[in-house]
Amino acid sequence: MAPRVDKEQRRKEIAMACIDLIHEVGIKKLTVAQVAQVAGIGKGTIYEYFENKDDIVFEIMNIHIEENQKQFLEVIQTIKSTKEKIFLCFKFVLDDSVENIKHFNGYKEYLSIVLSDENDVMCEFNGSCKEFFNFQLRKIIQEGIDKNELIPQAMSLAEGLLVFEKGLALLKMSEKNFDAKNIGESFLNNLWELIEVKK
């Protein structure tokens, strides 16, 4: 009798095998045949784990975002300053390193699919990602208030900061010469001047 396959685990393994492929060819040009070849399985086997190409892309993006959130939680533990922690929440849109731009462009393509297809599952997933960062940002601000680094009114800015970050990301995606790093850092530094406790 053949051993029972953990379908969720196998699904993740197939998606993990294709993470670099998605950056090489792009989401729109990615084919099920390419996924099967990279994963070392038959094309028909792909459909035992995924409904279609979008389902594969969703799983790959899910893995990327889970890894990003895990890395965020590890890095945040090493940072003492509340200001630096707030800046970390903006790293994805402010970081212009080659590696980050590769991920940013992948997210841009993914987002275009979410917006054009009105995919409820993907929209729900995006909502859960927003909730993760909303919780983290509120926690950071509350810690800053508790340490007497921030004025109590700073908490009311948490939602607006997340909206600002999404706006920066959208402008970075849609305008050729938009300087998200300079504008974002300038805004955050000026905001810090307003919300820090003056000593």
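The values are calculated or read from the model by the stated rules, or taken from the named source; none is laboratory data. This one's a predicted model, so the numbers in the text were calculated from it and none came from an experiment. Every residue, glycine as well, gets a Cβ built from its backbone with ideal geometry; the counts of neighbours run over all protein chains shown. Quick note on the areas: whole protein, heavy atoms, side chains included, nothing else; ligands and nucleic acids left out. Shrake-Rupley method; radii C 1.70, N 1.55, O 1.52, S 1.80 Å.
Here is how the numbers come out for the structure above:
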read-out	value
Relative contact order for the chain, counting Cα pairs under 8 Å that sit 6 or more residues apart, in percent	20
Spin-label model distance (nm) - GLU67 vs SER81, 7 Å beyond Cα toward Cβ	2.9
0 to 90° range, to nearest 10: angle between helix 53-76 axis and the chain longest Cα axis	40
Amide H contacts under 5 Å for PHE178, placed H, 5+ residues apart	none
From the coordinates shown, Cα extents along the principal axes in Å corresponds to which of (1) 71, 35, 28; (2) 70, 43, 29; (3) 50, 39, 26	(2)
All lysines inside 24 Å of LYS70 as judged from Cα atoms, apart from same-chain residues fewer than 8 positions distant	LYS7, LYS12, LYS80, LYS83, LYS85, LYS91, LYS102, LYS108, LYS130, LYS139, LYS166, LYS181
For the stretch 139-153, Karplus couplings with θ = phi - 60° (6.51, -1.76, 1.60), whole Hz, Gly/Pro x	5, 4, 5, 4, 4, x, 5, 4, 8, 6, 8, 10, 6, x, 5
Electrostatic dipole magnitude of the stretch 6-59 [Cβ: Lys, Arg +1; Asp, Glu -1; Cα centre; debye, to 20]	160
Per-residue [θ]222 nm for the chain (sum of -39500 (n - 2.57) over DSSP H runs n ≥ 4, rounded to 500)	-24000 deg cm²/dmol
For GLU175, solvent-accessible area (1.4 Å; no DNA, RNA or ligand), Å²	90
Backbone N within the stretch 126-149 under 20 Å of label point (7 Å from VAL197 Cα along the Cβ vector)	137-149
